[in-house]
Amino acid sequence: MLLISVLVFSNCTKKTDDTKSQLHQEYFDLTPGRFIEYQVRDITHNSNSTIQHDTLNYFLRIQIEDTIYDNQGRLNRKFVRYKRNSEIDNWVVSDVWMAFKDNNNAELTEENEKIIKLKFPVNSFTNWNANIFNSSSPLDCFYEQIHSPRTINGLFFDSTVVVNQGSDRNLIRFYKKQEVYAKGIGMVNKYFKDLNISNFDTLNITSGKEIFMEIVNFGN
């Protein structure tokens with residue numbers, strides 16, 4: 001009887017591990033103590049402003065910390081954001097968000113807005129509306145370059161995936177947004193442009209926003 005119980009438990013454990021492996025949930029790592037550091041360039045464009053192209057350069061650190069319950073009673077992880085202006089400055093807490101992951105979604109609650117960052121399984125057939133749980137306009141996402149190796153700032157990642165969050169270019173607007181995730185780590189790169197332009201010219205910007213984030217360090 002003991003042998004049968006051990007075999008049943010072993011088979012169940014293997015089946016659970018196989019399921020997780022097929023979902024590729026490791027692209028959204030919520031291991032306590034995990035941190036990722038980025039260099040960030042944040043540009044705000046406004047042709048009517050004194051500073052028409054206001055650029056901020058800083059460093060951002062994301063750290064997975066204590067558990068916390070959301071308003072649905074689900075156990076989340078604190079997703080703590082630290083900022084500093086240079087590598088010699090001390091980290092200062094900027095935001096405390098919440099992160100959640102199950103077999104369906106990887107979710108991030110930013111400023112009380114829940115966003116589906118990843119949908120499982122990670123494959124070419126999966127697509128989703130990242131804003132389905134908030135009041136923002138629909139943001140249709142899908143995966144590209146699945147499980148591809150990639151090097152960023154001298155750091156090599158053997159398995160990454162691109163989350164395409166939409167692109168558009170016309171006479172008066174240029175929009176492109178994507179995020180790159182590395183297995184066992186999390187987001188390693190972000191590219192965001194939402195610009196109002198003139199006559200298809202992406203250098204003739206009247207207003208808009210650009211954000212670029214690249215990983216520079218990570219660990220536990």
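Just a few scattered comments:
- Some residue of segment 201-213 being modelled with pLDDT of 95 or more and within 11 Å of the chain's Cα centre (by Cα): yes
Per-residue answers, yes or no, for (1) in contact with a Leu (Cβ under 6 Å, 6 or more places away or on another chain); (2) modelled with pLDDT of 95 or more:
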| position | (1), (2) |
| --- | --- |
| 116 | no, yes |
| 120 | yes, yes |
| 128 | no, yes |
| 136 | no, no |
| 157 | no, yes |
| 167 | no, no |
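- Residue within segment 2-10 that is surrounded by 12 or more Cβ atoms within 10 Å (Cβ to Cβ) and at pLDDT below 90 present: no
- Criterion: hydrophobic (A, V, I, L, M, F, W, C), farther than 30 Å from residue 207 by Cβ and modelled with pLDDT of 95 or more - qualifying residue of 30, 108: 30
- Some residue of segment 56-78 being more than 23 Å from residue 29 (Cβ to Cβ), among the hydrophobic types (A, V, I, L, M, F, W, C) and either assigned to a strand (DSSP E or B) or touching a helix residue (DSSP H, G or I) at 6+ places or on another chain (Cβ under 6 Å) (or both): yes
- Selection count where residues are part of a loop (DSSP other than H, G, I, E, B) and under 20 Å from residue 189 (Cα atoms), scope segment 105-123: 3
- Of the strands (runs of 3 or more DSSP E) lying entirely inside segment 125-220, those carrying at least 2 residues that are more than 20 Å from residue 26 (Cα to Cα) and among the β-branched types (Val, Ile, Thr) are 201-219.
- The number of residues in segment 73-91 that are exposed (fewer than 11 other Cβ atoms within 10 Å of the Cβ) and not polar (S, T, N, Q) comes to 4.
- Segment 167-197, residues that are small (Gly, Ala, Ser) and either under 29 Å from residue 34 (Cα atoms) or in contact (Cβ under 8 Å) with a residue 40 or more places away in the chain (or both): 182, 184, 186
- Segment 138-155, subset closer than 20 Å to residue 113 by Cα and buried (at least 16 other Cβ atoms within 10 Å of the Cβ), residue modelled with the highest pLDDT: 141
The values are calculated or read from the model by the stated rules, or taken from the named source; none is laboratory data. In this text, all values refer to a predicted model and were calculated from it rather than measured experimentally. Glycine also receives a Cβ, built like all others from the backbone with ideal geometry; neighbour counts cover every protein chain displayed.
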